[in-house]
Amino acid sequence: MPDSYPDRGAPLLDVTDVRVAYGDLVAVWEVSLQLRPGGITALVGRNGAGKTTLINGLCGLLPVRSGTVLLDGRDITALPPWARVSRGLTVVQEGKRVFRELTVRDNLVLGLRGGGVKRGERESELERLYARFPILGDRQRQRAADLSGGQQQMLAIATALATRPRVLLVDEPSSGLAPVFVDLVFEALAALRDEGLAILLVEQLVDEVLGGIAEDVIVLDRGRVVVRDRASNLSVEDVATSIYSSL
Ligand SMILES: Nc1ncnc2c1ncn2[C@@H]1O[C@H](COP(=O)(O)OP(=O)(O)OP(=O)(O)O)[C@@H](O)[C@H]1O
Ligand SMILES: [Mg+2]
């Protein structure tokens, strides 16, 4: 297993030997990874492998016990989440997190504020988001709670984009969605990749991941990286075997 990829330009997010724990329970052991602009790295592994814990360590929702997280070469390991957001690192958390009692528009405005978008630019930024996700434009005055699960996931992604990230961490965006929304989510992520974002995507749908969306794949097992390779070098069987081999 190569420890790092052949050089493909400077990483935007450079993670070295990161450990994340809950009290004495270490859930992520010395994980390293690099994200580059215009690329999607898929993070897969069975339930409890440590995927969400790693994502939460990288975005600052959980403390990193040791190791470093560099964004653009600057150490952000100890910064709170909001400070990472303002530097361009944003998360779409597991489970379609939106402010349910707020309207679609007000959810997006919170994202814009988090990203430091000035008041004067607010309307044009909202229009850009509605152009990307027309369903949100149609429903901008509705409460988020009244959207379908798929629409809420689009809103969660759009709110993250409102912060104008360069690095996006996305935790199981397709989970529990109808197939039509799964396709929309993957299309949206592919478009963002093509616009130059660096994306870390936690995903259970291994065929979707290997079917073209991800450039690199990392398999986590019990908090450790067990496979790290280009997606094009791996078959669905290879990945499934590495995910479940230790059961
Ligand atoms: N708040 C917590 N307190 C203590 N242990 C936790 C907590 N959250 C997760 N864990 C443990 O940390 C380990 C990793 O969990 P994590 O949620 O990161 O896995 P995951 O790969 O995201 O799983 P899933 O595919 O189910 O989302 C598991 O052993 C889990 O039980
Ligand atoms: Mg998880």
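Taking region 45-76 only, how many residues are within 9 Å of ligand 1 (Cβ to nearest atom) and either within 13 Å of residue 14 (Cβ to Cβ) or touching an Asp or Glu at 6+ places or on another chain (Cβ under 8 Å) (or both)? Show your work before the answer.
Just the residues of region 45-76 that are within 9 Å of ligand 1 (Cβ to nearest atom), to begin with: 45-56, 62.
If we keep only those that are either within 13 Å of residue 14 (Cβ to Cβ) or touching an Asp or Glu at 6+ places or on another chain (Cβ under 8 Å) (or both) too, we end up with 45-46, 49, 51-52, 55.
Matching residues across region 45-76 total 6.
Do we find that residue 24 is farther than 23 Å from residue 175 by Cβ and touching a strand residue (DSSP E or B) at 6+ places or on another chain (Cβ under 7 Å) in this structure? Spelling it out, it is not the case that residue 24 is farther than 23 Å from residue 175 by Cβ and touching a strand residue (DSSP E or B) at 6+ places or on another chain (Cβ under 7 Å). A single member of 166, 141 is modelled with pLDDT of 95 or more, of a type in the set (D, E, K, R), surrounded by fewer than 24 Cβ atoms within 10 Å (Cβ to Cβ) and under 18 Å from residue 39 (Cα atoms), and it is 166. Of the residues 40, 76, 55, the single one that is within 16 Å of ligand 2 (Cβ to nearest atom), buried (at least 20 other Cβ atoms within 10 Å of the Cβ) and of a type in the set (A, V, I, L, M) is 55. Against the list (1) more than 17 Å from residue 220 (Cα to Cα); (2) within 16 Å of ligand 2 (Cβ to nearest atom); (3) without any contact (Cβ under 8 Å) to a residue 40 or more places away in the chain, the condition residue 23 fails is (2).
Could you list all residues from region 105-134 that are basic (Lys, Arg) and part of a helix (DSSP H, G or I)? Quick ask: steps written out before the conclusion?
First, the residues of region 105-134 that are basic (Lys, Arg): 105, 113, 118-119, 122, 128, 132.
Listed by number, the residues that qualify are 105, 113, 119, 122, 128, 132.
Quick one: is residue 54 in the same structural domain as residue 173 (by TED's automatic domain parsing), of a type in the set (A, V, I, L, M) and part of a helix (DSSP H, G or I)? For residue 54, the condition - in the same structural domain as residue 173 (by TED's automatic domain parsing), of a type in the set (A, V, I, L, M) and part of a helix (DSSP H, G or I) - is met.
Scanning region 1-37 for residues that are modelled with pLDDT under 95 and touching a Leu at 6+ places or on another chain (Cβ under 8 Å) turns up just one, 11.
Tallying residues that are within 13 Å of ligand 1 (Cβ to nearest atom) and farther than 22 Å from residue 213 by Cα within region 19-44 yields 12.
Being closer than 25 Å to residue 243 by Cα, surrounded by fewer than 20 Cβ atoms within 10 Å (Cβ to Cβ), more than 14 Å from the chain's Cα centre (by Cα) and free of Cβ contacts under 8 Å to residues at least 60 places away in the same chain is true for just one of 120, 67. Which residue is that? Steps first, answer last, please.
On the way: 120 fails: closer than 25 Å to residue 243 by Cα.
So the residue among 120, 67 that is closer than 25 Å to residue 243 by Cα, surrounded by fewer than 20 Cβ atoms within 10 Å (Cβ to Cβ), more than 14 Å from the chain's Cα centre (by Cα) and free of Cβ contacts under 8 Å to residues at least 60 places away in the same chain is 67.
Within region 186-223, being under 14 Å from the mean Cα position of the chain (by Cα) and within 16 Å of ligand 2 (Cβ to nearest atom) holds for 200, 201, 202, 203, 204, 209, 218.
The values are calculated or read from the model by the stated rules, or taken from the named source; none is laboratory data. None of the values given here were measured: they were computed from a predicted structure. Here Cβ is always computed from backbone atoms with ideal geometry, including for glycine, and neighbour counts include all displayed protein chains.
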